[in-house]
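Heads up: the structure comes next, in structure tokens.
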Amino acid sequence: MPSFRGPGRSRNRAGVVPTACPKGGFKTKSCTKPRTFDEYYSDIYGERWPTLRAAMMEGPRKVALWNRFSQVPFEEATRGLSRVDPNSLIQAFQPPQKTNSAEASSMADRGIHVNNEETLREEEVLAAASSDPLHQNGIIAKPPIDAFGIKAYYLLDYASAHVVEQLQVGAFDTVLDMCAAPGGKSIAIAQFLSPDGALTCNETRADRCARLRRNLQEHVPVNYVPWRTTQRDAQTWYDPQTFSRVLVDAPCSSERHLLQQSGGLPLSCREWSEETTVQLAALQRVLLQRAIETCCVGGRIVYSTCSISPLENDGVVGEALQRARCKVRIVKTSSSVTAAAESSVTPSTTANGAGESDASCAGACVSPTPTVLGEATAYGRLLLPDTCHGWGPMFFCVLEKMAEHKCMASTSSEDEDAASVDD
């Protein structure tokens, strides 16, 4: 997601800047001098900041999201690649990674232990794959295209695919991707939908909407999944109780993108400022409120950003919960993430032809406990590249709409309890 310079809350006359509360919402703190980018995030992440900053300076690790609608044979498309998480419903593949002694030592320092036999097998696989001309130096080749112009996979950050899994999309769901461009998450959502489902992908800017439409046309045939693109202002979106699943991948500070654009040099106040973060948080809160309103009762909303700012993550969720007219609960993902196997269309792992899938395989082929990445926050999870294999940053929060209106007689403490129910 690109950085966004939209209207929002501004500094008041006393020079007071809103910041994120530990449990969400906004509070104010006196600020005599605006902090620089590094000062701001050093205050948040402390001694971890130099390591996290260095990880964000590295190029993002892309994975190949298998496209079940392509007629390119599965074995041909994924040759030389390995499954990222065999327990996940998301079929994402990456070049085999070699774990050297330095990396193993670093992982051990973080409490991650590598089995020597597993490492040896990885090295053997890497040696066997090194002769494959498709994927060189850990970079995945461009996807092959079938006779109908449908690409075999889409390249994206695995953190994005992981966010889509939290939606738990079923075959017959009506899904809204509120801020959809460039389309990677929309393509991932489509993998779980049937012709009886529906996908609406929204993007305000004309150029980004055109790119979104092009990516969908290259990956998702409309006769297999009905999809449409819209170009509406999501801040004024009003379609109450229309969608069973809503994804809000909100515009954010995109700190990793900013760092890589700067080439590691200190960011100027024109490139980043605390004021921009405050403005973005105000915009994001409005988008999340609109998403909650447009979701059906019993439906699921996933809010996500690629920001590392607590103000744009838990701060937005906390503020939206306080202002929401609907009764909403937070779905904790610290345990397991399981999909509705009976209703989901599970992407086939064999070359069965375009649009073909094996729904009966969902329960048998997928472990009930896929890996949940990232670290817990007040309301969701945060995937950071220094601890998530270079993926991210990505924050996500899962919400479930319980009722269209809050009970007027309920106390604030009851509302807080309702907003923190484990999955």
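Things worth noting here:
- Extension gain, K406 back to R270 (0.36 nm per residue minus Cα-Cα distance, nm): 44.8 nm
- Extension gain, Q241 to I44: 0.36 nm times the residue separation minus the Cα-Cα distance gives 67.2 nm.
- Cβ-based net charge around P143, under 14 Å, with every Lys or Arg adding one and every Asp or Glu removing one: +2
- Exposure proxy for V286, V302, V222: other Cβ atoms within 10 Å of each Cβ, ordered fewest to most, give V222, V286, V302.
- Inter-label distance, R228 to S82: 4.5 nm, where each label sits 7 Å from its Cα along the C-beta direction.
- Between T36 and S262, the contour length at 0.36 nm per residue exceeds the alpha carbon distance by 79.9 nm.
- DSSP-loop trypsin sites (Lys or Arg not before Pro) across region 157-262, with at most 13 other Cβ within 10 angstrom: R205
- Annotation: amide H-H contacts under 5 Å for M402 (H modelled 1.01 Å from N, sequence separation of 5 or more, or interchain): G298, K327, V328, R329.
- Cα gyration tensor shape for region 247-286, rounded if a/c is under 1.5, else prolate or oblate: oblate
- Order of D177, D314, D146, D207 - criterion: other Cβ atoms within 10 Å of each residue's Cβ, fewest first: D207, D146, D314, D177
- With neighbours defined as other Cβ atoms within 10 Å of a residue's Cβ, the residues Y158, Y41 order from fewest to most as Y41, Y158.
Values quoted throughout were computed directly from the atomic coordinates according to the rules given, and no laboratory measurement underlies them. This is a predicted model, so every value here is computed, not measured. Please note: Cβ atoms are built from the backbone with ideal geometry, for glycine as well, and neighbour counts cover all protein chains shown.
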